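Okay, so here's the structure we're looking at.
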C-alpha cells in the first residue's frame, strides 16, 4: 500500500519563520559537511535579493525549500534548496525545483544557474538528473575549489 501525503508549495517571504527554520537546518548540515560555518563564497542571499522563496509543506509541515536570487545583469540563481532528512527521496526537491523553474519561465528567464559544492555529491547527482549541466564557476564562485556550478536552459 502506498503512503500518501498532501504536498503544498507556498511562496513566502525569505524571512518567514518556516524559511528561517529550514535555512538554519540547512546551514547546520553544510557546517558539518564543510567543517566551517562560512562555506559559501560571495554575498549571502537576503530578503532584498531573493525574489521568490518556496516552501514545500507535507501535511502542513515544512519539508523543503528553495529560492531564486536575481543576478546583476538579469537572470536568476537557485539558492537555499533544502529538504529535511526525513523527507528526502519523496519528490519534495523535484517539486520545489519545478516550482522555481515555472516561476522563472513566467518572468521570461532563459536559464537558471546555481552553485553547490564538492561535499554535496547528492546535490550534484540531483541537479544532473534534473537536466542541469556543469558550467564554469561564475561570479563569486569563480576560482573557488569547493564550488561546482550548473545551468539549465528553460
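The values are calculated or read from the model by the stated rules, or taken from the named source; none is laboratory data. Computed from a prediction, not measured in an experiment: that's the story for all the values here. Heads up, the Cβs are rebuilt from the backbone with ideal geometry, glycines too, and the neighbour counts pull from every protein chain shown.
Restricting to segment 37-52, give me the number of residues that are under 25 Å from residue 119 (Cα atoms) and either assigned to a loop (DSSP other than H, G, I, E, B) or touching a helix residue (DSSP H, G or I) at 6+ places or on another chain (Cβ under 6 Å) (or both).
Adding up the residues that qualify gives 10.
Tell me which residues, restricted to segment 8-17, are closer than 13 Å to residue 57 by Cα and either surrounded by 16 or more Cβ atoms within 10 Å (Cβ to Cβ) or in contact with a helix residue (DSSP H, G or I) (Cβ under 6 Å, 6 or more places away or on another chain) (or both).
Answer for segment 8-17, where residues must be closer than 13 Å to residue 57 by Cα and either surrounded by 16 or more Cβ atoms within 10 Å (Cβ to Cβ) or in contact with a helix residue (DSSP H, G or I) (Cβ under 6 Å, 6 or more places away or on another chain) (or both): 9, 12.
Any residue that is in contact with a strand residue (DSSP E or B) (Cβ under 7 Å, 6 or more places away or on another chain), part of a strand (DSSP E or B) and surrounded by fewer than 23 Cβ atoms within 10 Å (Cβ to Cβ) - is there at least one of those in segment 59-66?
Within segment 59-66 (the criterion being in contact with a strand residue (DSSP E or B) (Cβ under 7 Å, 6 or more places away or on another chain), part of a strand (DSSP E or B) and surrounded by fewer than 23 Cβ atoms within 10 Å (Cβ to Cβ)), the answer is yes, since at least one residue qualifies.
Which of the residues spanning segment 2-28 are farther than 20 Å from residue 77 by Cα, touching a residue at least 40 places away in the same chain (Cβ under 8 Å) and outside any loop (DSSP other than H, G, I, E, B)?
7, 8, 18, 21, 25
Inside segment 128-144, can you point out the residues that are within 16 Å of the chain's Cα centre (by Cα) and modelled with pLDDT under 95?
none
Go through the residues of segment 133-153 one by one and say whether even a single one is in a strand (DSSP E or B), touching a residue at least 40 places away in the same chain (Cβ under 8 Å) and loosely packed, with under 12 Cβ neighbours inside 10 Å.
For segment 133-153, residues in a strand (DSSP E or B), touching a residue at least 40 places away in the same chain (Cβ under 8 Å) and loosely packed, with under 12 Cβ neighbours inside 10 Å: present.
Run down 82, 34 and say which single residue is surrounded by fewer than 17 Cβ atoms within 10 Å (Cβ to Cβ) and touching a strand residue (DSSP E or B) at 6+ places or on another chain (Cβ under 8 Å).
Result of the check over 82, 34: 34.
I'm checking my understanding of the structure. Among residues of segment 107-127 that are within 29 Å of residue 4 (Cβ to Cβ) and exposed (fewer than 15 other Cβ atoms within 10 Å of the Cβ), which one is modelled with the lowest pLDDT? If you could, list the steps in order and put the result at the bottom.
Keep residues of segment 107-127 that are within 29 Å of residue 4 (Cβ to Cβ), which gives 122-123, 125-127.
Adding the requirement that they be exposed (fewer than 15 other Cβ atoms within 10 Å of the Cβ) leaves 122, 125.
Working: 122: 95, 125: 98.
Only one residue fits best here, namely 122.
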